[in-house]
């Protein structure tokens, strides 16, 4: 790494750390003050609050990392321009493209970080946050307690032809109250399973107090199904995991406008849902899922778009006030997120193709940045 690259990175990393820490402290403080009365009603202890904000941190990092990077990059570039350092670099034969290389490297690394957070930690963090909020609640009627139990769950495994109808499903443990499973086997035999309780134990569904009905194949008029009463029944051939059922519940929540905004899905969950449901997905739900899928892939690369936007705004020669960079970053962030939300809403409503809705903001701002940088050179 050249001495110039190390200098540019050092001048960038310091304000970036300050910006990111400031955003996190501001968010935690505001959220804690706004929800303190709620936390007191839920009997949360200081240890619970620390754990709660720890699992919620990836979600806010996904939003704040690009903004903090843009703010720190504009600050660093404006500071270099104010001291005529950029003019000296350009006079020494360093092109604008070469100058941007260390910034692009940081943007690429941050894009990978944002992608990993959104794919592996954010969906799981939201579930863990609900579990922490309900940790000390024993009253089944409280709103937080109801978040643990999902009533009237229906799940259909298209590939293995099993319908799951569950009166109450525990979102975190996978425990089922009064499940009914309708199974069409490979030899076209229908098996109905009614149980008082079911639990996922050592990777196997275990049903208790079971009544199993096996219908003859082919069905004969007047012939009754074979009935069995079983105290405990283990079915390793049922490969539907609690994670798959919970993902299906989250996807079904997308039908509700109120619940869709806080529902976070990973690429793996969406692709797994498509694999298990190759046909029969409603068009409205498929539009929302496709938009979320492309959005999960497109949104991390905002950190690279940040470089394209910040470079022409911050690298103009001459003595400039650092406040100009701050004001520019606020305006750019506001315009970008307005366009992003608008495109995602149009994509979810099937007014735009999902890929276009997800990638349009990045492409638009990236092209604008490239054109402005080309004129600046």
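Read-outs throughout are calculated quantities, based only on the coordinates presented, and are distinct from any laboratory measurement. Just so you know, these numbers come straight off a predicted model, no measurement behind them. Positions of Cβ are generated from backbone atoms using ideal geometry, with glycine treated the same way; all protein chains shown enter the neighbour counts.
Here are the numbers for this structure:
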read-out	value
Förster radius 41 Å - calculated FRET efficiency between residue 372 and residue 249 (Cβ-Cβ, nearest 0.05)	0.35
Residue 178/residue 327 FRET efficiency (R0 45 Å; Cβ-Cβ; nearest 0.05)	0.15
Degrees separating the helix 242-252 axis from the principal Cα axis of the chain, which is the longest one	70 degrees
Sequence-separation-based contact order of the range 1-114, relative, with Cα cut under 8 Å and 6+ spacing, percent	46 percent
Average Cα contact separation per residue, the chain, under 8 Å, 6 or more apart, as relative contact order %	19 percent
The range 161-238: relative contact order in percent, alpha carbon pairs under 8 Å with at least 6 residues between	22 percent
Folded to 0 to 90 degrees: helix 96-116 orientation relative to the chain principal axis, Cα	20 degrees
Prolate/oblate/rounded call for the range 44-165, Cα gyration tensor, a/c under 1.5 rounded	oblate
Convex hull projection area averaged over all views, the range 161-238, Cα basis, nm²	5.5 nm²
Radius, Kirkwood style, for the range 1-73 when every pair of distinct Cα atoms is counted (Å)	14.2 Å
The chain: antiparallel DSSP beta bridges as a percent of all, rounded to 5	100 percent
Mean ellipticity per residue at 222 nm, deg cm²/dmol - from DSSP H runs of n ≥ 4 across the chain, formula -39500 (n - 2.57)	-20000 deg cm²/dmol
Inter-site label distance for residue 50 and residue 230 at 7 Å from Cα along Cβ, in nm	4.7 nm
The chain shape via C-alpha gyration tensor axes, a/c threshold 1.5	prolate
C-alpha long axis of helix 46-82 to longest principal axis of the chain, angle in °	30 degrees
Overall Cα dimensions of the range 78-139, principal axis frame, Å, largest first	71, 23, 8
Pairwise FRET efficiency - residue 135 versus residue 338, Cβ, R0 = 35 Å, nearest 0.05	0.40
Listed peptides 356-368, 195-207 by packing density, highest first (mean Cβ within 10 Å)	356-368, 195-207
